[in-house]
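**Q** First the structure, which I've put down as structure tokens, then a few questions once you've had a look.
Derivation of every value follows stated rules applied to the coordinates shown; laboratory data play no part. The structure displayed is predicted, hence computed values, not measured ones. For neighbour counting, all protein chains shown are included, and Cβ atoms are generated from backbone atoms with ideal geometry for every residue, glycine included.
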There are 2 protein chains.
Amino acid sequence: MENYQQLDGIFQALADPTRRAVLSRLGQGPASISDLARPFDMALPSFMKHIRFLEGSGLIQTHKAGRVRTCAIDKRQFAAVEAWLADQRALWEGRADRLEQFVIAEQDKAK
Amino acid sequence: MENYQQLDGIFQALADPTRRAVLSRLGQGPASISDLARPFDMALPSFMKHIRFLEGSGLIQTHKAGRVRTCAIDKRQFAAVEAWLADQRALWEGRADRLEQFVIAEQDKAK
């Protein structure tokens, strides 16, 4: 019915306020793990779990140079979410179209 | 930073292929629990957990008339997801705008 298997992991990743806040920060440009962690009152291992979860979902990519790991957003996964939402909207609108066709057909019968 | 607390439950609800399939079906119009359950090779109690999860997230509403419980989609929660995505996009585009301004400023300096 759908070929969006990666959506499980993407939606799971989005279902947490810390992870969404990290994505919003990265939407403004790449950042190091330590810069990303600073606003959160959270132990680094807990924060790293969120980063790994985001990386596993494909929503971010990380790259290590020396001792610094930098994170960047990967917009392609957002596009998958937007495509799914657009599909849902097409279903609703298809339904509205069918309702409209029905009403027009009934009006034609009544003439 | 964000005032989308209901997004946790919404994204959690969307992170499952059965629940997404139910939403796609309901996008075509309301349906009874038994009609919704039919395509799934799943015991009814398991299926009902998915329905309750969707109802709890606000993505669907259910209504019981006699022995039949009917489910319908609630588009307002989809709008919350779309608003969050639009906010993210605005962050990226704001960033693109700033990058563009920087490039223009550097070009002006070079003249």
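**Q** Once the label point is placed 7 Å from Cα along Cβ, list for A:L44 the distances to the corresponding points in the other copies, in nm, shortest first.
**A** List, nearest first: 5.5 nm.
**Q** Further question on the same structure: For B:M48 and A:A105, what does the FRET efficiency come to when R0 = 35 Å and r is the distance between their Cβ atoms, rounded to the nearest 0.05?
**A** For B:M48 and A:A105, the calculated efficiency is 0.40.
**Q** Taking the axis about which chain B rotates onto chain A, which residue of B lies nearest it as judged by Cβ position, and how many whole Å separate them?
**A** Axis relating chain B to chain A; nearest Cβ residue and distance: B:F11, 2.
**Q** Further question on the same structure: Can you give the average number of partner chain beta-carbon atoms within 10 Å of each beta-carbon in peptide A:77-88, as a whole number?
**A** If you average over the peptide's residues, the count of other-chain Cβ atoms is 3.
**Q** Can you give me the angle between helix B:17-26 and the longest principal axis of chain B, using Cα atoms only, in degrees from 0 to 90, rounded to the nearest 10?
**A** For B:17-26 against chain B, the angle is about 80 degrees.
**Q** Still on this structure, I have one more. For helix B:75-110, what angle does its Cα long axis make with the longest principal axis of chain B, in degrees from 0 to 90 and rounded to 10?
**A** 10
**Q** Give B:K49/B:K75; A:K49/A:K75; A:K75/B:K75 a once-over and call out the pairs whose C-alpha atoms are over 31 Å from each other.
**A** none
**Q** Right, next: For chain B, what does the relative contact order come out to in percent, with C-alpha contacts under 8 Å and a separation of six or more?
**A** 27
**Q** What gaps in nm, shortest first, separate B:R89 from its twins in the other copies when you place the label 7 Å past Cα toward the beta carbon?
**A** Counterpart label points of B:R89 in the remaining copies fall at 0.7 nm.
**Q** Considering every residue in B:14-21, what mean count of other chain Cβ atoms within 10 Å of its Cβ is obtained?
**A** 5
**Q** Can you list the distances in nanometres, one decimal and ascending, from the B:S32 label point to the identical position in each other copy, with the point 7 Å along Cα to Cβ?
**A** The projected label point of B:S32 is separated from its counterparts by 6.3 nm.
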